[in-house]
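This report concerns only the one structure given below.
The values are calculated or read from the model by the stated rules, or taken from the named source; none is laboratory data. Note that the coordinates shown come from a computational prediction; the quantities given were computed from them, not determined experimentally. Because the Cβ atoms are built from the backbone with ideal geometry, glycine has one as well, and the counts that use them run over all protein chains shown. Calculation scope for accessible area: heavy atoms of the full protein, side chains included, ligands and nucleic acids excluded. Shrake-Rupley method; radii C 1.70, N 1.55, O 1.52, S 1.80 Å.
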Amino acid sequence: MNILVINSGSSSIKYKLFCMKNLELLQDGLIEKIGEDNSSIKSHHEALLGIFESVKNFDSIAHRVVHGAEEFESATIITPKVIELIEELIPLAPLHNPANLDGIKISKELYPEVTQVAVFDTAFHQSMPKHSFLYALPTKLYEQSKIRRYGFHGTSHFYVAKECAKFLNDDLKKLNLITLHLGNGASACAIENGVSVDTSMGFTPLEGLVMGTRSGDIDSAIVFHLVNTLGYTLDEVDKLLNKQSGLVGICGSNDVREILNSSNSSSKLAIDIMAYRIKKYIGSYIAILGRVDAIIFTGGIGENSAVIRSKVLDGLDLAFNIEEDSVKNEEKFDKISLISKDSSKIKLFAIKTNEELEIAKQSYEVINE
Ligand code: ADP
């Protein structure tokens, strides 16, 4: 069986075609700048027609959906009812779910007879216990308005956790892990006996770590100050926190490679603030997990930057007997690299994530159930 994975975002669509027999990547591509002024591709419909023009030999289609809230705990075959539920979740993910839905609806229209599956970024985190996913807000906001921590990047956290278990030749259900997905968006996850028990992103992907353009954790009273004292509108605050903060806010760039090559003091500061926040999350997740078998770095930054990994791990030897092997940390690798010393109490890994492959695998499982 060949599965076509479609990741339909607001202005781009990524796709990958996998042969599920040997998990081989048969074809992939990316259509960008959909609907932008200077772009020849005006709509998601047009982009998908282009994709289906070049990809023919698929048996099923798997769609990435960002927000599944409490409705979806795992990959789900798409029915009219499922589409309706994803539509109802748009207020929780106004930037993401509409674009994901576009991909689903257009594919359904073009291929009504092909089985299609939705795989949700939030699903892996549905195992979080109440004391972890509830905010200390009046409970009616959860009960009536669904305000709680959901967490995102679930497909990536789960994928690298499984890869780690495979490498250790161990059962994931017995492992406690801290996974760090560090890309333009970034999140940490505490995994206990193979399931997510806490994660740094919250009600939206804005909470938690310092990201390319998002602030991560701040005192929410800053919002009142921005509006009431400094005269910002709420739309401006939204833009400020989601698009103009994080690394970009501190040093003007969200490209970590570029920032590391810069000698500006603001670039150094941006990296310091980002690494410091990650370190704090590692410490708190060790505290809640008690025993940790491995810490895993993934995402564009986590996979590629030995410098950032080293900075995050610096000093953790004293508190937690976590010992990086600086030679192994620098080595190039294909899929997975063990970067800790043998004497380290907690193993350290850099692992290449593959969200599309994980989406294909989960879809394959649900189709064969
Ligand atoms: P996205 O969240 O958009 O998928 P990625 O996971 O691709 O993002 O991560 C993008 C980030 O990874 C960028 O900040 C980029 O600079 C960084 N990155 C990629 N390669 C390297 C590298 N060799 N060294 C440091 N940072 C890198």
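Taking amide H as placed 1.01 Å from N in the peptide plane, the amide H of Thr353 sits under 5 Å from that of Gly299, each at least 5 places away or on another chain.
Counting every alpha-carbon pair across the chain, the share separated by more than 31 Å comes to 37%. Cα centroid distance between segment 210-233 and segment 45-61, in Å? If we compute the Cα centre of each part, the gap is 41 Å.
With N counted as the residues of segment 157-251, its alpha-carbon radius of gyration over 2.2 N^0.38 Å works out to 1.38.
Taking a straight line from the alpha carbon of Lys335, these lysines sit under 20 Å away, with near neighbours fewer than eight places off in the same chain left out: Lys16, Lys21, Lys162, Lys166, Lys347, Lys352, Lys361. For segment 308-358, the gyration tensor built on C-alpha atoms gives a prolate shape. Its axis ratio a/c (a ≥ b ≥ c) is at least 1.5, and a/b is the larger of a/b and b/c. Each residue of segment 216-224 was assigned a 3J(HN,Hα) from its phi angle through the Karplus expression (A = 6.51, B = -1.76, C = 1.60, θ = phi - 60°), giving x, 4, 9, 5, 5, 5, 4, 4, 4 Hz with x at Gly and Pro.
What segment 170-355 shows is 48 Å² of accessible area per residue, with the surface traced by a 1.4 Å probe over protein heavy atoms. Quick check: convex hull of the Cα atoms in segment 266-312, volume per residue, rounded to a whole Å³? Per-residue hull volume (Cα only) is 71 Å³. Once you sort the root eigenvalues of the Cα gyration tensor of segment 2-120 as a ≥ b ≥ c, which label holds: rounded (a/c under 1.5), prolate (a/b larger than b/c) or oblate (the other case)? Oblate shape, in that a/c is at least 1.5 and b/c is the bigger or equal ratio.
Please give the residues of segment 53-71, grouped as numeric ranges, whose backbone N is less than 20 Å from a label point set 7 Å along the Cα-to-Cβ vector of Lys166. What the label zone holds, given the 20 Å backbone N cut-off, is 62. Accessible area of the chain with a 1.4 Å probe: how many percent of it is carbon plus sulfur? Carbon and sulfur atoms account for 51 percent of the accessible area of the chain.
Surface exposure of segment 2-120, expressed per residue as accessible area with a 1.4 Å probe, stands at 46 Å².
For Ile147, the residues 5 or more places off, or on other chains, whose built amide H falls under 5 Å of its own are Tyr142.
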